[in-house]
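Enquirer: Got a structure for you, questions after.
The values are calculated or read from the model by the stated rules, or taken from the named source; none is laboratory data. Remember, it's a predicted structure, so these values are computed and weren't measured experimentally. So basically every Cβ, Gly included, is an ideal-geometry build from the backbone, and we count neighbours across all protein chains shown. Accessible surface is based on the protein model in full, side chains and every heavy atom, while ligands, DNA and RNA are left aside. Shrake-Rupley method; radii C 1.70, N 1.55, O 1.52, S 1.80 Å.
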Amino acid sequence: MRLARLGFVPVLGFLPLLGFGCSDPAPPTPRGAFSMNFVDTGASCNAGSHSVALGDVTAAQRLRVLTDGEEGATIDCSVTGSGTFKVSAQARNPATAAEVRVNIPAITPAATEEMPAFGSISFSSVKTAGETFVSDPAAPCEFWFVPESEQGVNAGEIWVVFECLEMLNDGYSCELRRGALAFDGCGS
């Protein structure tokens, strides 16, 4: 009995050490980029046309995606699913005070300009005097992938183009035309 006890006691002493190598890896840091083309559509829009960006992304290329905290940028995102993905993202560029919030309830890799996914965007910038414009729920934003491009969606990442033909703020209506978004490192 004494030998069995001696053999068992040293093993118990090592048990706490076995757990040190079994922790989950740290989640990836969110990264993002956007290009917004805000358009004054006439008398019904109270803010001038302007373009703002965070990083460097267009429909054709994704050159620079900023990490959350880089250059003061704030990035938070979630891209979850398999086959059909749910996207929730927000990004803020402190240099232009441009802030974007995106919600796409369901998008597949097959989304095209002719058969887009629908969702919402809210947008504000220095040029909108900090006023937030929100896409009209009756005319949601359209999101799609350019054929034969590197754009796409997968768990944790998306690169997509979009248009919002009705951006509303306190009775005013403007547009977001042919913008682009890229997010990765997006956990759940």
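Enquirer: How many residues does segment 164-185 hold that are open to solvent by less than 60 Å² (accessible area, probe 1.4 Å) and under 16 Å from residue 60 (Cβ atoms)?
Expert: Adding up the residues that qualify gives 4.
Enquirer: Filter segment 27-40 down to the residues that are surrounded by 22 or more Cβ atoms within 10 Å (Cβ to Cβ) and in a strand (DSSP E or B) and list them by number. Can you show your working first?
Expert: Residues of segment 27-40 surrounded by 22 or more Cβ atoms within 10 Å (Cβ to Cβ): 30-34, 36, 38.
Correct list: 31, 32, 33, 34, 36, 38.
Enquirer: Something else now. Kindly indicate whether any position in segment 117-136 is over 20 Å from residue 38 (Cβ atoms), open to solvent by 50 Å² or more (accessible area, probe 1.4 Å) and either modelled with pLDDT under 95 or not in a strand (DSSP E or B) (or both).
Expert: Checked against the condition, which is being over 20 Å from residue 38 (Cβ atoms), open to solvent by 50 Å² or more (accessible area, probe 1.4 Å) and either modelled with pLDDT under 95 or not in a strand (DSSP E or B) (or both), segment 117-136 yields no hits at all.
Enquirer: In segment 77-93, which residues are open to solvent by 30 Å² or more (accessible area, probe 1.4 Å) and either within 17 Å of residue 59 (Cβ to Cβ) or free of Cβ contacts under 8 Å to residues at least 60 places away in the same chain (or both)?
Expert: 83, 84, 86, 88, 90, 92
Enquirer: Out of 96, 74, report the one residue that is modelled with pLDDT of 95 or more and either open to solvent by 40 Å² or more (accessible area, probe 1.4 Å) or more than 19 Å from residue 40 (Cβ to Cβ) (or both).
Expert: Details: 96 fails: modelled with pLDDT of 95 or more.
Matching residue, one of 96, 74: 74.
Enquirer: Now a separate question. Is it the case, given these coordinates, that residue 51 is of a type in the set (S, T, N, Q) and open to solvent by less than 60 Å² (accessible area, probe 1.4 Å)?
Expert: Working: of a type in the set (S, T, N, Q): yes; open to solvent by less than 60 Å² (accessible area, probe 1.4 Å): no.
No, not satisfied.
Enquirer: Please specify each residue of segment 147-163 satisfying the condition of being assigned to a strand (DSSP E or B) and open to solvent by less than 20 Å² (accessible area, probe 1.4 Å).
Expert: Answer for segment 147-163, where residues must be assigned to a strand (DSSP E or B) and open to solvent by less than 20 Å² (accessible area, probe 1.4 Å): 153, 158, 159, 160, 161, 162.
Enquirer: Among the residues of segment 55-71, count how many are under 24 Å from residue 165 (Cβ atoms) and either open to solvent by 40 Å² or more (accessible area, probe 1.4 Å) or modelled with pLDDT of 95 or more (or both).
Expert: So the count comes out to 3.
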